[in-house]
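The values are calculated or read from the model by the stated rules, or taken from the named source; none is laboratory data. Predicted, not measured: the structure shown is a model, and the values here were computed from it. Note that we place each Cβ from the backbone using ideal geometry, even for glycine, and neighbour counts take in every protein chain shown. Calculation scope for accessible area: heavy atoms of the full protein, side chains included, ligands and nucleic acids excluded. Shrake-Rupley method; radii C 1.70, N 1.55, O 1.52, S 1.80 Å.
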Amino acid sequence: MLILALDSTAIAASVALCDDEKMLANYTINLGNTHSETLLPMVEAVMRAARITASDIDLFAVSEGPGSFTGVRIGVSTVKGLAFGKDKPCVGVSTLEALAYNLIGFDGIACPVMNARRSQVYTALFDVNAKDTPRRLTPDRAIAIAELESELLMQVRPVYLSGDGYDITRAGFSRFTAAETPAVLIPQNAYSVAMCALKQYKEGARRTDTELVPTYLRLSQAERERAEKEKNSIEI
């Protein structure tokens, strides 16, 4: 089964092509480029190198959020466009679950963190080890870094962070020290997205291109500001 997977939920953009669990190509850029300009050319470069077209893909996978509102929309929209009219299954994967998959082989707690601004992170906890795929311990949520630190102080096993919130989370902790994560495993990786999607597909999860939608967890800044203005106008 040929799987095309994308992740553009944060600064890094990543595209992977897999034959079931075998990685055929993995193209990642972590330079802060505009995903609307780079993601589709990355997809085209991977498919050109493999001498295939979008019609040859058996499963389209994408990190559907949480993460950057713009990045999430670009990734989901790109997959919807690639899969449009091809009657091929699509699977949306939690960014946090894919980041936890980066840490397979470690023994402890995977704590992916995505920068949610305002001293908050999108996060979830996963049990990881050398044998199994990550086992979810909490739902995806947006919480304050201080609240996450209090939660992690209760853990007795090593905790490994990953994601674009890695630096701000470590800097925001004053009482808890996370284990060191190798730099190559911190950013999003589309291969991890592909493997999470393959697992979900085997369990029966699949959607059409029209059913694929982003997951934001909270309102965008513009939506929050509009809601605040509406609230203030009502109070006046």
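Key figures
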{"read-out": "Rounded percent of accessible protein surface that carbon and sulfur make up, the stretch 23-89, 1.4 Å probe", "value": "51 percent"}
{"read-out": "Beta bridge orientation in the chain: antiparallel %, DSSP, nearest 5", "value": "65 percent"}
{"read-out": "Using θ = phi - 60° and Karplus 6.51 cos²θ - 1.76 cosθ + 1.60, couplings along the stretch 178-187 (whole Hz; Gly, Pro as x)", "value": "7, 5, 6, 10, x, 4, 5, 9, 7, x"}
{"read-out": "Dipole-positive endmost among 111, 82, 93 within the stretch 37-130 (Cβ charges, Cα centre)", "value": "82"}
{"read-out": "Peptide ranges 30-40, 178-188 listed from the most packed, as the mean C-beta count within 10 angstrom indicates", "value": "178-188, 30-40"}
{"read-out": "Helical contribution to [θ] at 222 nm, DSSP H n ≥ 4, -39,500 (n - 2.57), averaged over the chain, rounded to 500", "value": "-10500 deg cm²/dmol"}
{"read-out": "Cα→Cβ-extended label distance, 7 Å offset, between residue 179 and residue 218, nm", "value": "2.9 nm"}
{"read-out": "Packing rank of 205-213, 4-12, where each peptide gets the mean count of other beta carbons within 10 Å, highest leading", "value": "4-12, 205-213"}
{"read-out": "Contour excess over end-to-end distance, with Cα ends at residue 54 and residue 147 and 0.36 nm allotted per residue", "value": "29.1 nm"}
{"read-out": "The chain: relative contact order as a whole-number percent, Cα under 8 Å and 6+ apart", "value": "23 percent"}
{"read-out": "Gain in span if fully extended, residue 37 to residue 22, counting 0.36 nm per residue against the direct Cα distance", "value": "2.6 nm"}
{"read-out": "Solvent-accessible heavy-atom area per residue, rounded to whole Å², over the chain at 1.4 Å", "value": "48 Å²"}
{"read-out": "Which label in (i) 1.03; (ii) 1.40; (iii) 1.09 gives the computed Cα Rg over 2.2 N^0.38 Å", "value": "(i)"}
{"read-out": "Rounded to the nearest 20 debye, dipole of the chain from Cβ charges on Lys, Arg, Asp, Glu", "value": "120 debye"}
